[in-house]
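Take a look at the structure set out below.
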Amino acid sequence: MVDSLQYTPQITLEFEIGEKDFFIAGECASRVKKTLQQLGLKQDVIKRIAIIIYEAAMNVAIHATRGMLFVHVDPEAISIRTEDVGAGIEDIDLAMKEGYSTASYEVREMGFGAGMGLSNIKQCSDELKIESKVGVGTTLDARVYFLNRDKAD
Amino acid sequence: MTVRDLAAALNLEVLTGGINLDRQVISGYTSDLLSDVIANIDDDAVWITIQRHVNILGVAKLKDVAAIVIPRKLDLEESFIEKAKDEGIAILRGSRSAFELSGLIYNQLMRG
């Protein structure tokens, strides 16, 4: 495994996420994982990015009416962004708390919406920014650095 | 041990034919919450769960699980099995509970 990329790829991957489209989250994460493996990123970095993508895409599928996921690879970091149209988040600090969830009963019964998504994302990100307007939508920006950087606990 | 050996040792049904049976298993995880699985399952693990909808296959694929183990002889839809085959994921099923299966699988893996 290499610590830095051989060249400077500027790759952006885009995915559309529909309402209640629960399978797409796994698909997005799997596809990005494959791309990053081809680029030779470290396994633990890829794992963190896959978790962020899965959880962020799942949040859009569960809570929004539609949204987009963008994954951008630059020479030092991976940026993951979701933009959605939907309910928005009333209290972001509360939403970040592990176990807090507004997901419906059906969604929870499927094993989603356990209130761990945002805290999983936070744990895996080096930088995380969430902006939301109630009744309008939410954007989430996460960044993971991969150049000789280990995430501090 | 391989998925095949584990299935044979614990008398688990293999529902996906020959798919992924030679895969090595070194660990396991028991949970029905997908975020918990995503965050905590190890590499080369079997995943014991009562969730049986196709969306869990996305998680299994992402975490590259060795096999999914369904307890209590729970019913599975044909579409789930077919999708698992397409994705190359082995589905095993036992008659015991998730608790008992977890213990039995743990013992097998500790024995090497």
Members of region A:75-105 found to be among the acidic types (Asp, Glu), without any contact (Cβ under 8 Å) to a residue 60 or more places away in the chain and surrounded by 14 or more Cβ atoms within 10 Å (Cβ to Cβ), listed by number: A:Glu83, A:Glu98
All positions within region A:111-140 that are out of contact with any Asp or Glu (no Cβ under 6 Å at 6 or more places or on another chain) and more than 14 Å from chain B (Cβ to nearest Cβ): A:Asp126, A:Glu127, A:Leu128, A:Ile130, A:Glu131, A:Ser132, A:Lys133, A:Gly135, A:Val136, A:Leu140
Residue satisfying all of: in region A:120-136; hydrophobic (A, V, I, L, M, F, W, C) and within 15 Å of A:His63 (Cα to Cα); nearest to the chain's Cα centre (by Cα) among these: A:Ile130
Checking B:Thr30 against (1) buried (at least 16 other Cβ atoms within 10 Å of the Cβ); (2) within 11 Å of chain A (Cβ to nearest Cβ); (3) of a type in the set (S, T, N, Q), the condition it does not meet: (2)
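FYI, it's all coordinate maths here, none of it is from the lab. All of these numbers come straight from a predicted model, not from anything done at the bench. All Cβ positions, even for glycine, are placed from backbone atoms using ideal geometry, and neighbour counts span all protein chains on display.
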